[in-house]
Structure formats: C-alpha cells, structure tokens
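The values are calculated or read from the model by the stated rules, or taken from the named source; none is laboratory data. As the structure is a computational prediction, the values presented were derived from the model and not from experiment. Quick reminder, even Gly has a Cβ in these numbers, built from the backbone with ideal geometry, and neighbours come from all protein chains shown.
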Amino acid sequence: MHLTQLTATQMAAKLRAGETTAVELVQAHLDAASTAFVYINADDALAVAADVDAGNYDHSLAGVPVVLSDVLVTENMPTAAGSAYLDGWVAPYEATAVARLRAAGLPILAKARVSEFGMGQDSGAHEAVANHQAPFAVVSDTAGTAGQIAAETGVVAVKPTYGAISRFGLVAAVSSMDTVTPIARNTADAKALHEVMVGSDELDPTSVEYDWDFSADSAISGSTVGVLNEQPANVSVESWATYQTGLKTLQDAGIATTEITMDTLSQASQAAHIIGAAEFSANLAKFDGIRFGNRVTPDNGTVQDVIMASRGAGFGYETKRRIIVGTHMLSSGIIHSHFYPAQKIRTAIINEYNTAFNTVDAIAVPAAIQQGEEFESTNAGIGASLAGLPAASVAGVHICAPTYADELVYRISAVVETTAGATA
C-alpha cells in the first residue's frame, strides 16, 4: 500500500516501528499535491520531518503531515483567506492551533484553498484529505459548513465544543460560531488531531477551561440517541437510506434510539443567516485599506475614496453581499425587527437542546441535506453551531452531544463509520 493511502494513525505506527521515515511520508504527500493547495510549504515541512527523524520530537503523531485551511494565520507562509484583500499577506504571529501542531512535530504540508473568508462550500482541505493528498487537515467550521462538505466528500469532520480549541489566529468570519475543526478520513484520526490542539488559551477569551480526557474507551451500549423517524422534505431518498443504515449500526452496538422532536430547529437556518451576516459585517470592518488589507489609492482620493476603492477591489461578490446584508441587519430599526429576534431564536434552540439532553445522550440526524437557494440553504449542523455543541458528520449521519461531551461524539462516530467502512 502506498504511504499516502495509510491513515494518520497507521503512518504514526510505521514511524515508531522504523518502517518509514517522516521525510519519506512528507515527500510522498508533496508528490501528490494538487490545486487543492494555494501554498505548498515544502522546505519547512521537510525540515521538520528531518528533525522528527533525528529524534527531536516525542509526540505520537510527530512526523505525520497535516494541511491547514487558509483561514489559519501562519508565520512564514501567506494567509489570504481566499480573498484578494489579503493576497500576499504574511502574519507576524501564528494561530494557537498551528503553534500546537508545530510543537508536536507535525509537518505542515500546505495551506488549502478556501471560499472567501471561509464563507462557502469550497474547501481544498476536504478535497485533499478525500483524495489522499493529506491524512488529515484543520479547517474552520461556521454554521455547520465543515460537516456539510464532509458529507459531500466522504470524509469525517468533528466540530469541537465551542471554545475547546483556541480561535486565536483564525481569520474571523462569524465569531460566535467559528470553530477550529479537524477533518480526516476516519474518526480515530480526527480525534488524534483534535487532542493535539485542544485546551484553553489566554490569547482567546472565548476558550474554555476544561479537563479534557480523550483516553476513555468505554462501550457506548446503554446510551440513548435521539433520532428522526420521518424523512424530512430536504433529505433525499438515498441520504435517508444511508441514515437509516447508520442508525441500524448504532442499534446493533447496543445503543437505544428514540424519536425526538426539535421544533425550534425549523428556524435555525434563518437565525444563523441573520446573526452570521451581522457578525461577518462587523468582523470585516477592519478591512478598509487604511488599517488593514491591500490598499487601492485613487488619484487625489480622500480617505473615504481609498476605503471605497480598496473594499471594492478586494472583496468578491458574495462577501460584498454578506456585508451589505449584515450592515442592514445592524441598522436602526432592523436590529430590533430581525437581529434581536434571531438571537432569541438562538436562545430557544439552546434551551431545546438542553431539554432534549435530559432524556437522550446524543442526537443523530441525516448529514446530507439538499441545499436551497440563496439564504434558504441549510445543513444538519446549523443548530449545533448556534448552540456551541460538539458535532460530527460521518457516513451520512450527523451526531451532536451536550457541551463538553466531545469524547462521546467520537465514540458514537466510530461506531457509525463502520456502516460504510469509513476507516481508510
């Protein structure tokens, strides 16, 4: 089997057994590089790999290469976040998640293509992992997008509890939902990558203090999972059949399933779009060509002219539209009729999840949802993102659990993935 076909944990085992070297692993993946990458970090990745081979790192994953979505800032590598506004920008600091990967000795292969500021369905990181160009990757999930793309590409995305992995150094889009998220070809690899990055960070005021323990290997038999018994209108027959197969796997593993109804989730998409546009608009206010971002200077232009020209040239159509919508949502009058009610819906969703978790340990719904038009589109992870819950998308099933129950999500996910043999 070619080195790139191995799982990350298999690569780590071969490294520890002396059956391959980190340099060989990195070079094999560099040879498989594609347009999924916007920057290839070859020299640095090979140098780190050489250090691993020299015995300078002792982490169990040292030497296993990783890819970063281009919304995580890095020293000595450009970070454009998919936007012309940041084209060529190299940060003077590094994201905490990236610093932790480096400290563990994981060579960073490349920065991966991404929709502008991560707000869209284009993800080179998912593509690279699915096509064996990287064993795993780190992306940002905003309103369930990482899980939705995972469902479409056949990889595993596991969104941590909000604040479990530091957001410091993540180019902000929707701050209250942005979550640094590992993706991999199986649950075990995603979990291993998660463990490297997890933990509180004084540089991120939203990071949480919690005694994370991912070593538990207890059986999940006896757990109860809330499920859907009726096929939703936006789930295809094929996706519903895949979901049913996943539930059968859970039941065969001794998990009890019970029907659950989440009435407020029908409004989750609208609330997320309103809140998301408003926060997106506020976060991108700093990109004005004066304080931050590439500057366009018209002849004899005023400061206002520079700002208008810079934002006009730097932002793409979708980003401009989201900024306009978000600014409108925060304007006088509209903030009371739209933004505040959206926040109330968010609170109702959180309360409904908390009530549900009084009777079930986790909730499983179909992962693949047919997309609507424009702002009518939705996905299985929006509710969990609004509530800050840990969630996984694997083998056609979307799983979420209470806050801090990340380890339970991984255990359930590991069972579900056996449905489709999603272990390679």
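Things worth noting here:
- Within the range 127-178, restricting attention to residues that are closer than 19 Å to Pro402 by Cα and in contact with a His (Cβ under 7 Å, 6 or more places away or on another chain), the residue that is surrounded by the fewest Cβ atoms within 10 Å (Cβ to Cβ) is Pro160.
- When the range 179-191 is limited to residues that are among the small types (Gly, Ala, Ser) and crowded, with 24+ Cβ neighbours inside 10 Å, the one that is nearest to Asp201 (Cα to Cα) turns out to be Ala190.
- Ala8 out of contact with any Lys or Arg (no Cβ under 7 Å at 6 or more places or on another chain), over 30 Å from Ser310 (Cα atoms) and not hydroxyl-bearing (Ser, Thr, Tyr): yes
- Looking across Gly88, Gly63, Gly55, Gly124, one residue alone is at positive phi and crowded, with 24+ Cβ neighbours inside 10 Å. It is Gly63.
- Identity of the residue in the range 268-326, of a type in the set (D, E, K, R) and more than 20 Å from Ala143 (Cβ to Cβ), that ends up modelled with the lowest pLDDT: Arg291
- The range 386-403, residues that are at pLDDT 95 or above and either over 14 Å from Val158 (Cβ atoms) or part of a helix (DSSP H, G or I) (or both): Leu386, Ala387, Gly388, Pro402, Thr403
- Subset tally (residues that are in contact (Cβ under 8 Å) with a residue 40 or more places away in the chain and under 19 Å from Leu193 (Cα atoms)) for the range 1-34: 14
- Scanning the range 280-310 for residues that are within 23 Å of Leu330 (Cα to Cα) and in contact (Cβ under 8 Å) with a residue 40 or more places away in the chain yields Phe280, Ser281, Ala282, Asn283, Leu284, Phe287, Ser310.
- Set Arg100, Arg113: member being under 20 Å from the mean Cα position of the chain (by Cα) and under 18 Å from Arg167 (Cβ atoms): Arg100
- Residue in the range 299-309 that is of a type in the set (Gly, Ala, Ser), out of contact with any Pro (no Cβ under 8 Å at 6 or more places or on another chain) and buried (at least 22 other Cβ atoms within 10 Å of the Cβ) present: no
- Per this entry, Asp178 is not counted among residues that are within 21 Å of Ala414 (Cα to Cα), in contact (Cβ under 8 Å) with a residue 12 or more places away in the chain and not small (Gly, Ala, Ser).
- Filtering Ala277, Ala272, Ala268 for residues that are of a type outside the set (D, E, K, R), within 27 Å of Ala151 (Cβ to Cβ), without any contact (Cβ under 8 Å) to a residue 60 or more places away in the chain and buried (at least 19 other Cβ atoms within 10 Å of the Cβ) leaves a single hit, Ala277.
- Selection from the range 54-80 of residues that are touching a helix residue (DSSP H, G or I) at 6+ places or on another chain (Cβ under 9 Å) and of a type in the set (A, V, I, L, M, F, W, C): Leu61, Ala62, Val64, Val66, Val67, Leu68, Val71, Leu72, Val73, Met77, Ala80
- Which listed residue, of Thr319, Thr347, Thr359, Thr327, is more than 23 Å from the chain's Cα centre (by Cα), assigned to a helix (DSSP H, G or I) and of a type in the set (S, T, N, Q): Thr327
- Failed condition for Val225, given (1) outside any loop (DSSP other than H, G, I, E, B); (2) out of contact with any Ser or Thr (no Cβ under 6 Å at 6 or more places or on another chain): (2)
- Selected residue (criterion: surrounded by the fewest Cβ atoms within 10 Å (Cβ to Cβ)) from residues of the range 330-344 that are among the small types (Gly, Ala, Ser) and part of a helix (DSSP H, G or I): Ser337
- When the range 176-203 is filtered for residues that are of a type in the set (Asp, Glu) and assigned to a loop (DSSP other than H, G, I, E, B), the ones remaining, listed by number, are Asp178, Asp201, Glu202.
- In the set Thr206, Thr264, Thr249, Thr258, only one residue is of a type in the set (Ser, Thr, Tyr), modelled with pLDDT of 90 or more and assigned to a helix (DSSP H, G or I); that residue is Thr249.
- When residues in the range 116-141 are screened for being touching a residue at least 60 places away in the same chain (Cβ under 8 Å) and within 19 Å of Gly154 (Cα to Cα), 17 of them pass.
Here is a yes/no grid of residues against (1) over 19 Å from Val397 (Cβ atoms); (2) exposed (fewer than 14 other Cβ atoms within 10 Å of the Cβ); (3) without any contact (Cβ under 8 Å) to a residue 60 or more places away in the chain:
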| position | (1), (2), (3) |
| --- | --- |
| Trp212 | yes, no, no |
| Gly226 | no, no, no |
| Asn234 | no, no, no |
| Val237 | no, yes, yes |
| Gln244 | no, no, yes |
